[in-house]
1. In whole Å, how far is the Cα centre of segment 601-639 from that of segment 420-444?
2. Mind counting lysine pairs for me in segment 322-452? Cα separation below 18 Å, and the two need to be 8 or more apart along the chain or on different chains.
3. For residue 237, what residues show an amide H to amide H distance below 5 Å, using hydrogens built from the backbone and excluding near sequence neighbours?
4. Would you mind counting up the charge near residue 13? Only other residues with Cβ under 12 Å from its Cβ, with Lys and Arg at +1 and Asp and Glu at -1.
5. Hey, rough spin-label estimate for residue 308 and residue 468, points 7 angstrom out along Cα→Cβ, what's it come to in nanometres?
6. With n ≥ 4 as the cut-off for DSSP H runs, can you work out [θ] at 222 nm for the chain, using -39500 (n - 2.57) per run divided by the number of residues, rounded to the nearest 500?
7. Suppose we keep just the DSSP beta bridges with both residues in the chain; what percent of those would be antiparallel, to 5?
8. If you add up the charges near residue 336, with Lys and Arg at +1 and Asp and Glu at -1, over every other residue whose beta carbon is less than 15 angstrom from its beta carbon, what do you get?
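Every read-out reported here was derived from the displayed coordinates using simple, explicitly stated rules and does not represent laboratory data. Here the structure is a predicted model, which is why all the values come from computation and not from measurement. Quick reminder, even Gly has a Cβ in these numbers, built from the backbone with ideal geometry, and neighbours come from all protein chains shown.
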Amino acid sequence: MKSESINRVYLIGIGGIGMSALARYFFSINKEVGGYDKTPTPLTDELLHMGMDIHFDDDVTLIPDQFKEKDDCLVIYTPAISADHTELSFFRDNQFNVYKRSQVLGLIANGKYVIAVAGSHGKTTTASIIAHILKDTGYDCTAFLGGIATNYESNFISGKNDVFVIEADEFDRSFLDLEPDIAVITSIDADHLDIYGSKEELEKGFHAFAANIKQDGCLIINDNIENFGEIEATDTNYGLKESSKHCGSNILQENANGSYYSKRYVFEYKGESETISNLTLGLNGIHNIENAIAAIAVAIKLNIGPERIRNSLSSYAGVKRRFEYIFKHDDLIYIDDYAHHPNEVSACINSIKELYPDKKITAVFQPHLYSRTQDFMDEFAESLSNVDELTVLPIYPAREKAIEGVTSEALLEKIQLSNKKLSSKDALTSELNTDDIDVLLTIGAGDIDQLVPAIRNKCLKSQLQRVVKDIEEIFDGELLLNEPLSKYTTLKIGGPADIFLKPVSKDGLVRVMKYVIKHKVPFFVLGNGSNLLVGDKGIRGVTIFMKNVFDYLNVDNCNVTVGASYSLPKLSLETLKMGLQGLEGTAGIPATIGGAVRMNAGAYQTEMFDLVEEVQVIRNGELLKLKSSDINYRYRHTDLGKDIVLEATFKLNKVDNAQVVLDKRKELLDSRNNAQPVNTLNVGSLFKNPKGDHAARLIEASGLKGYKHGEAHVSDKHANFLINNRNASAKEMMELIELVKTTVYEKFKIRLEMEVQKAGEGF
C-alpha cells in the first residue's frame, strides 16, 4: 500500500480511539475520509465537523459512491468489528484493499523512526508525554495515541519529520505489526485473556513485540517487570528503584498555585550519565512518575537537553479520562478515569486517598467486557471495596455476547461495602446526591464517559453560589446571573447563561480564565452572536461576552492588528479606505474578528488564514502569541479549540486605486443583500458547501425552499438560511435542520455539515 496511490479511505469502526487517529492522519494528508460506526459519540461529532462522511447503520447503500471505487480506495477495519459485518463483507467480496488497523499503522510507520509504547497499563500517558516533549521542544514528531491529549485536544498529532510516536496495542496482537527503533514496555499484567488464553501467552506476545525492535534499536522496560528474558536489542530499565538505569527519586508532592486542591509532583531524574533536578509533573498518582521517567529516558536517547525536557514536562496537561479532573472546588471534586483493569482501578483509588486522605470517596464503576469481568471478578471486588460509597452500572459488552452468571449483580455481591448499589445509566445522574459527596469518581472504559457532562453540570449547580462569589472577587467587569442569551444572538434564540461576564480589560479576563481552568468550570466565549444556535435551556458555567471589549485597530504599513471584538465588515471597509486590500470579500460576514479567526470564516474565495500572520490567544489561562504556521486550519475550521482569541494581525496588500476596490466591495455586498434574507432573524449560512456543489442548491432541489416547521422555516430567498419567525425555539430549529439533512441525503446521498455552532442544552 502506497499512500500516493490512495485517494479515499473508508474506516469501519471509525469512532474508535485508534481508528479515529488514523482517520485524522489520512485527512491531514488530504485524503477523502469516511466511515461507519455503531453509535454517534463526541469523537464522531468531531470527525463529522472536520468534513468526514460518517453514518451509523450497517448498510451498504449508505456507503457514499466515491468509496465504492476500489482502485484507489483503502478500507480499514478494527478487530472489534464482527466478521459478518455487512459493509466489511461487501468490501471483501469485491476485492477492495482491506486491512486491519494495526496493519495500516505498520505500513504507515514503515521507513520511519518509530518510538512504540506498549503495556497493559500506562502506555497512553507515557506515549503522550513522549509526544509532548518532542513537540514542545521542537524536536517534532507525528503521534498516534490511545487517548485525547489535553495539550492538543486530539489523539493524533501531525509532525513534519519522520519520527513517529505510536501507542502499541497488545489487543489482538496488534503491536506485532510494528518494528520500533525505540520500544517502551510499561507493564505486563494479565489482560485480554480472551485473546491470549493465559498470562504466559500474553508475556510471549510482549517478548515477540520486543523481538521486532530494529537492529541497533533499544528497549526501555519498567523495572517492575521481572524475568522478561533476553532480546537482541539494547535494553535498559526505568522506575523508582535506586538500581534502575533511569530512576525517579527525591519525590515530593506540593500544592500548585498555593491551593490544597491543585497538586503536583516535584522530583529528580537520575540516569546513567545525566541528572535532571526540579522536574515538575501536574499528574497525580506515583505511577505517573514512572511514566514520566520512561518518557525522559526516550528524550535522553534522542539527545534532547535537560532544560528543554524540564520545561516541556512542566507544561504537560495529561490525557482525557486518565485521572481527569472534571470539576474541582473546595467542597466537591469530580474525577473521571478510564480504568478498566483491577490494577488500574486500585491505582486510581489509591491516588485519590493519597491526595485527599480526609475526604469521602463516592465511586461509579462500569465494568468493561464480560470476559474481563469474569477473569478478574475477585480482583475487581477487592479494589472497589476501598471506596466509601459505590454504584455499579451494567457491564458494557463492546464486542462480546453475555456470559451466563457474569453480571454486575454478581460483582456487587463480592464487594465488601455496606453502602453499595446498582443503577442504570439513565437513572444515575438523577440518583446522585452531590450535596453529600466530597470526591466523586467515575471509572470505566465503556460509554460511561457519555454521562460526564450531565454529572459535571450537577456538580456545578451545587457549587454555583461559591463559584459566583470567587469570580466577583477577581473580575473587574460586569457579572450577570441567568442572563437570557436570546438577547445576544442574531437568531434571538437561547436560554439563560448561569454566569454571564462582560470583561472590560485583558487582565481581568486572564484572571477569570485562570480561575475557571483551575476549577474545571465550563466556559463559553460569545462574540456578536452570529453563526450560533444556543439551546433553549441555555449554557452552563461561565459565558464570556466579547463584543465591544477589544474594539481597536492598529496599522503598521501593510500589517493590521485588530482586536477580537472588532467587526469584520467594518475592518473590510476601514482597511480599504487606508488603501489596503485583501478583506473586501468578507464585507458581508456578520462576525467579529475573534469568531471569524476561530472558524476560519470566509466568502468569495477568501478565508481568514489567507491573510492572518499572527494571533494572540488565552490558552490554559496564559497569554500566547501564535504564528499562523503554529495553527492547523482548513475550510471553516481551526485547531484553536478552547483558546480565546484576543487579537489578530493581518498582512494586507497596497492598492493603487482604492475606489475601484471599494466599488467592487459594494458590488459584492449588494449581491449578498439581494440574494440573502438580510432583514430577518437568521443564523447566517447554515451548512458548509459540499465539495463541487452548493448547499442552497441541494436544499432547494430537495423541495425545501420556504418549508416551515412551527416558527422556524427555510428561507424562500436563499435555501441555506433558516429563519426565526420571532417565536421559534432551538428545538424547532434543530428539528428542521435534521429534516433538511435527512431529505438532502435521501435525494442526493450527500451529508450536509453544519457551519453553525451549537452551544448549550435544550435542543
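1. Comparing the Cα centres of segment 601-639 and segment 420-444, I get a distance of 40 Å.
2. Details: 328/353; 328/359; 328/360; 359/420; 360/420; 360/421.
Close lysine pairs under the 18 Å cut-off: 6.
3. It is 221, 245, 246, by chain and number.
4. Values: positive: 38, 100, 101, 399; negative: 37, 58, 87.
Here the charged neighbours net out to +1.
5. The answer from the label model is 5.0 nm.
6. Values: 21 runs with 232 residues, N = 763.
Helix-only estimate at 222 nm: -9000 deg cm²/dmol.
7. Numbers: 63 of 132 bridges.
Restricted to the chain, the bridges split so that about 50 percent are antiparallel.
8. Details: positive: 320, 321, 322, 328, 425, 456, 458, 520; negative: 324, 337, 344, 447, 449.
My count for the surroundings of residue 336 gives +3.
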